[in-house]
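The values are calculated or read from the model by the stated rules, or taken from the named source; none is laboratory data. Being a predicted model, the structure only gives us computed values, none of them experimental. Heads up, the Cβs are rebuilt from the backbone with ideal geometry, glycines too, and the neighbour counts pull from every protein chain shown. Quick note on the areas: whole protein, heavy atoms, side chains included, nothing else; ligands and nucleic acids left out. Shrake-Rupley method; radii C 1.70, N 1.55, O 1.52, S 1.80 Å.
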Amino acid sequence: MMASRQLLGLARGRGLSSASIGIRRMATATDSPLDRKVRQNNWEDNNFINYKKMSENLAVVRKRLSRPLTYAEKILYSHLDDPEGQDIQRGVSYLRLRPDRVACQDATAQMAILQFMSAGMPSVANPTTVHCDHLIEAQIGGAKDLARAVDINKEVYDFLASACAKYNIGFWKPGSGIIHQILLENYAFPGGLLIGTDSHTPNAGGLGMCAIGVGGADAVDVMANLPWELKAPKFIGVKLTGQLSGWTSAKDVILKLAGILTVKGGTGAIVEYFGEGVNSLSCTGMATAANMGAEIGATTTVFPFNERQYEYLAATKRKDIGDFARVYAKELRADEGAEYDQLIEINLSELEPHINGPFTPDLATPISKFAAAVKANNWPDELKVGLIGSCTNSSYEDMNRGASIARDALNHGIKAKALFTVTPGSEQIRATIARDGQLQTFEEFGGVVLANACGPCIGQWDRKDVKKGEANSILSSYNRNFTGRNDGNPATHSFVTSPDLVVAMTIAGSMSFNPLTDKLKDKDGNEFLLSPPTGESLPSNGYDPGQDTYQAPPADRNTVSVQVSPSSDRLQVLSPFAPWDGKDAVDLPILIKAHGKTTTDHISMAGPWLKYRGHLDNISNNMLIGAINAANGEANKVKNATTGEFDAVPAVARDYKKKGIQWVVVGDWNYGEGSSREHAALEPRHLGGLAIITRSFARIHETNLKKQGMLPLTFSDPADYEKINPDDRIDLHCTELAVGKPLTMVVHPKDGSAFEIKLSHTFNEAQIEWFKNGSALNTMAKNNKA
C-alpha cells in the first residue's frame, strides 16, 4: 500500500468521534456552560472566548445549509458578521468575518500601524499584538546579535513600543521570540479566528485555531472594527492513518503533502487534517504541519481539537481554556460525513522522512532516494551548514529529539562536521532547554545558539563561510527555501527537512548520508548507526518562562505620544494614494515582463531591506529587483521605453512616475507567492503602477494589490501571456471594471497591428470601490467622513 493516496473530486471524510480523543459529549448550542467567562489568554483581563456566540452563529448557518460541516467551515461560519444574510458558496462568495484577534510581526507592523494611525481612531477595536522577531540579524550568537539589533533598530522599536502603548496593543519586545511560537504559547485557542501579518500565521492551526496570513491593510480593517473579507475557500481533507515512529516526524507530513499538491495546489483552500493518525502528532507537531501549509498556497490549515492539544494548553498554563474547549468539543471537529473538495490520505506508518528542495519547497524526495537525487542532479554533496529552529520547528519536542541525536554522536566521541546553528523559537523555549540541558548539548556538539528570532530563515544572516556565487548546500528545518532567501546567495542550494535529519546529516557533513541505513565512524574508527531520535513533547518540569519580554498597554494612554522623526530614513508617515481618474488608461509601457517564479522575495526582498519596512519611499528601491526579465533573462535590468536605455527596475519606474506615465507589470504563474508582505503591493502603487497582469496570483498578494488601489488581472486565456512582448504598449479599459465581467486590454506591438486580449479579475463591489477611491484605506476614511 502506498504511503499516500490522493482522491480527486468531491470526497467524504469522517470527523473524529468523541471517543477517539477521550472527550465526553457535554455541550449543545444551548447548553448553559457556554455562558462561562474564560479569558482568551493570561495577558488580557477583558478579552474572552465567546463559544456561546459562535454556537449561536453556527446554529443559524446549519439551518440554512442543512448539511454536515467541516471543522474549518465551523470556525469560519461561527465568525460571520451576518450569519443569516451571508451568501455561502465555496470558492465563490466573499465571507465577511469578525476575527477574534490580530497579530503583527515587527517588519509588517510598521506599515500596518502607520496605516491605522491615518484612520484617526484612539484605540484598536479588537485584541492586537506586535512581535519583534524579524529585525535581528544572525552574526555571531544570540546575546550579542540581540544587543546589536536593539541598538541598530532603536528608532523602529521605540516607534512600535510607543504606538502599541498609545493604541492599546500588546507589545512583545526583541528577544521574546518568533511571532508564531509566541501565539501558540499564549494566544491560540481551539475554534478561534486569528489574522496575522505574516504568511506562516497558520502555525496556530496546530491548536485548532483558524489562523490566516494577511497583508497589513487587512489587519488595519480588523483593528478598526470593520468586517474582514475572505473569499470562501474550498476544503482539502487530509486523512492521517497509522502512527509516526522512528525517524519520521510531523514535518514529514507536510513535506510529503507539498510534493503532492505543489506550491499552488492549496491556493484558495483550507487544509483540514483528520483521522486516527492525528493523535500520534504532538500539538507542536501539528503546528509544524500547519505552519508549512503556507508553502502549498493554502489559506490556512487546521487540526481538530484533541487530547494532545489539551495537554499543551495545560502545560502552557491555560488549562481553563482546555476545559472550556472540552465543553464545546462537538463543534471543534468535523461533522460526521463532512464533504471535502479534495481528499488525500497519508499513512503515517509507511511515511518516510523527506527532504524538499532545492530552490522550492515542493520538490519532495524521500530519504531513501535522496542520495541518488543528489548525484543525478549534481547538487553539491558537501553539507556546509545545518540549521534547526525557526517558527516551523523550534518546539521543546524538536529540540529534545535533536539533542538526543547530538548526544548520541557525542557519546561516540564525534561532533558536527558541518557548521551548525540553533534558533530557539521563543524565550520560553530557550530558557527551558537551557534548564533541561539540551542547549548545552548543542553547544558541546559544536552549535552556535542564535537569538530568539527569525534569523537565517528570512535572510537575516550575515553568512561568512562561502562567497556569493559559490555553489553550496545548506539544510534547515525551516519552511521556505526560494533562491537566495536564506543568505542572499543565488547559488546556495537550500533544502528543508526535519530537525532530526538536519542534526544527523550535520554529523556526516554530507547530503548523501542516510541516518536510517548509513553508518558513521566513532573517535576510534569503529562503525555505528545513529539511534532514532527520542524525547518528550512537553517538559516534565513545566516550561521556564525566562525573561519577561512583554509590555502591556498602560492604564492611561492619553499622555503617550508616538515617536516618528520627520527626518527618519526608516519611518515615513503615509500620504493617501490618488483616486482613479475615471478614465481608460492608454499607451502604457510594460515595466517588466517577469518570467517564471516571481515570489514576494523577488518583488520586495527581505534581508538588508527589512530596515526600511516603515519607509515606503526608501524600500521601494528594491521593487522587483529579483524578478527575471523575459526580454533578456536578467534580473533588475529593464529598458526605459521613453529613453531606450537599460536601468534598474525601480529607477525606470521612478522615471515613468516623474514623467506622469503609469505602467503595468506582466507576470507568470502564481505571481506573488510566499510572504504576506504588503510592501510587494505598496511599492508598485507608490512608484506609479496601475495593474499587474499575470497567468495567476497567490491569494494574499492579489488581495494586497486590491487594497492598495491596483488592478490585479489575469489572462482569461493563460496562453496569452506568450503573446505579450516587453516593448509592447497597452491600453486598459478600466471603465469596464465590473463584478464578474472581463476587462479588455488592447496590445500595441512595436511592429504590427493592435489586438485585443481579455483579462479576468476577482473584484467584488466593495473592492471596486477601493480601486475607484485609490485604496481601501481611502475608502475607509471616506466612509468615516460620510
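In the range 657-680, of all residues being touching a Gly at 6+ places or on another chain (Cβ under 7 Å) and assigned to a helix (DSSP H, G or I), the one that is least open to solvent (accessible area, probe 1.4 Å) corresponds to 680.
Do any helices (runs of 4 or more DSSP H) lying entirely in the range 173-292 carry at least 2 residues that are farther than 28 Å from residue 495 by Cα, and which ones are they? So that I can check it myself, show each step before the final result.
Values: elements: 179-186, 216-223, 250-261, 283-291.
Ranges flagged: 216-223.
If you check 233, 202 for being under 19 Å from residue 393 (Cβ atoms), open to solvent by less than 10 Å² (accessible area, probe 1.4 Å) and of a type outside the set (A, V, I, L, M), only one passes: 202. Of all residues in the range 457-467, those satisfying the criterion of being part of a loop (DSSP other than H, G, I, E, B) and more than 19 Å from residue 379 (Cα to Cα) are 459, 460, 462, 463, 464.
At least 1 residues being hydroxyl-bearing (Ser, Thr, Tyr) and free of Cβ contacts under 8 Å to residues at least 60 places away in the same chain is the threshold, and among the strands (runs of 3 or more DSSP E) wholly inside the range 88-168 those reaching it are 128-131. Of all residue pairs spaced 6 or more apart or on separate chains, none has beta-carbon atoms under 9 Å together with a first member in the range 32-57 that is hydroxyl-bearing (Ser, Thr, Tyr) and a second member that is open to solvent by 50 Å² or more (accessible area, probe 1.4 Å) and part of a strand (DSSP E or B). Taken over the range 40-59, the criterion of being in a helix (DSSP H, G or I) and either among the basic types (Lys, Arg) or surrounded by fewer than 17 Cβ atoms within 10 Å (Cβ to Cβ) (or both) is satisfied by 52, 53, 56, 59.
Scanning the range 468-511 for residues that are outside any strand (DSSP E or B), within 30 Å of residue 284 (Cβ to Cβ) and among the polar types (S, T, N, Q) yields 477, 479, 481, 483, 486, 497, 498, 506. Looking across the range 558-595, the residues that are loosely packed, with under 15 Cβ neighbours inside 10 Å and at pLDDT 95 or above come down to 578, 581, 582, 583, 584, 586, 587. At pLDDT 95 or above, open to solvent by 70 Å² or more (accessible area, probe 1.4 Å) and within 30 Å of residue 468 (Cβ to Cβ), is that true of residue 493? Judged against the criteria, residue 493 is not a match.
State yes or no: is residue 194 crowded, with 23+ Cβ neighbours inside 10 Å and within 18 Å of residue 302 (Cα to Cα)? Write out each step before concluding.
Values: crowded, with 23+ Cβ neighbours inside 10 Å: yes; within 18 Å of residue 302 (Cα to Cα): yes.
Taking the combined requirement at face value, the residue satisfies it.
A single entry from 411, 400 fulfils the requirement of being free of Cβ contacts under 8 Å to residues at least 12 places away in the same chain and of a type outside the set (A, V, I, L, M, F, W, C): 411.
One residue stands out among those in the range 29-39 that are of a type in the set (A, V, I, L, M) and in a loop (DSSP other than H, G, I, E, B): the one that is most open to solvent (accessible area, probe 1.4 Å), which is 29. Identification of strands (runs of 3 or more DSSP E) wholly contained in the range 330-426 with 1 or more residues that are of a type in the set (D, E, K, R) and open to solvent by 20 Å² or more (accessible area, probe 1.4 Å) yields 342-347, 383-389. With respect to the stated conditions, residue 441 fails to be open to solvent by less than 10 Å² (accessible area, probe 1.4 Å), assigned to a helix (DSSP H, G or I) and hydroxyl-bearing (Ser, Thr, Tyr). Selection within the range 508-555: residues that are open to solvent by less than 50 Å² (accessible area, probe 1.4 Å) and over 31 Å from the mean Cα position of the chain (by Cα). The member of this set that is nearest to residue 186 (Cα to Cα) is 530.
Would you tally the residues in the range 262-283 being of a type in the set (Val, Ile, Thr) and either at positive phi or touching a His at 6+ places or on another chain (Cβ under 6 Å) (or both)? Working first, answer last.
Step one: of the range 262-283, the residues of a type in the set (Val, Ile, Thr) are 262-263, 267, 270-271, 278.
In the following step, the residues that additionally are either at positive phi or touching a His at 6+ places or on another chain (Cβ under 6 Å) (or both) were identified as 262.
Adding up the residues that qualify gives 1.
Taken over the range 205-229, residues that are crowded, with 24+ Cβ neighbours inside 10 Å, aliphatic (A, V, I, L, M) and more than 16 Å from residue 104 (Cα to Cα) amount to 2.
Mind checking whether some residue in the range 449-465 is closer than 17 Å to residue 415 by Cα, open to solvent by less than 10 Å² (accessible area, probe 1.4 Å) and either without any contact (Cβ under 8 Å) to a residue 60 or more places away in the chain or touching a strand residue (DSSP E or B) at 6+ places or on another chain (Cβ under 9 Å) (or both)?
So in the range 449-465, the residues closer than 17 Å to residue 415 by Cα come out as 449.
Those left that are additionally open to solvent by less than 10 Å² (accessible area, probe 1.4 Å): none.
Checked against the condition, which is being closer than 17 Å to residue 415 by Cα, open to solvent by less than 10 Å² (accessible area, probe 1.4 Å) and either without any contact (Cβ under 8 Å) to a residue 60 or more places away in the chain or touching a strand residue (DSSP E or B) at 6+ places or on another chain (Cβ under 9 Å) (or both), the range 449-465 yields no hits at all.
Against the condition touching a residue at least 24 places away in the same chain (Cβ under 8 Å) and farther than 28 Å from residue 745 by Cβ, how does residue 620 come out, does it pass?
Details: touching a residue at least 24 places away in the same chain (Cβ under 8 Å): yes; farther than 28 Å from residue 745 by Cβ: no.
It is false that residue 620 is touching a residue at least 24 places away in the same chain (Cβ under 8 Å) and farther than 28 Å from residue 745 by Cβ.
As a summary of the residue check, residue 62 satisfies the conditions (1) buried (at least 21 other Cβ atoms within 10 Å of the Cβ); (2) at pLDDT 90 or above; (3) touching a Phe, Trp or Tyr at 6+ places or on another chain (Cβ under 9 Å) except for the one numbered (1).
I need the full set of residues from the range 706-725 which are open to solvent by less than 20 Å² (accessible area, probe 1.4 Å) and either among the polar types (S, T, N, Q) or under 16 Å from residue 668 (Cβ atoms) (or both), in order please. If you could, list the steps in order and put the result at the bottom.
Residues of the range 706-725 open to solvent by less than 20 Å² (accessible area, probe 1.4 Å): 706-713, 715, 720-721, 724.
Scanning the range 706-725 gives 708, 712, 713, 715, 720, 721, 724.
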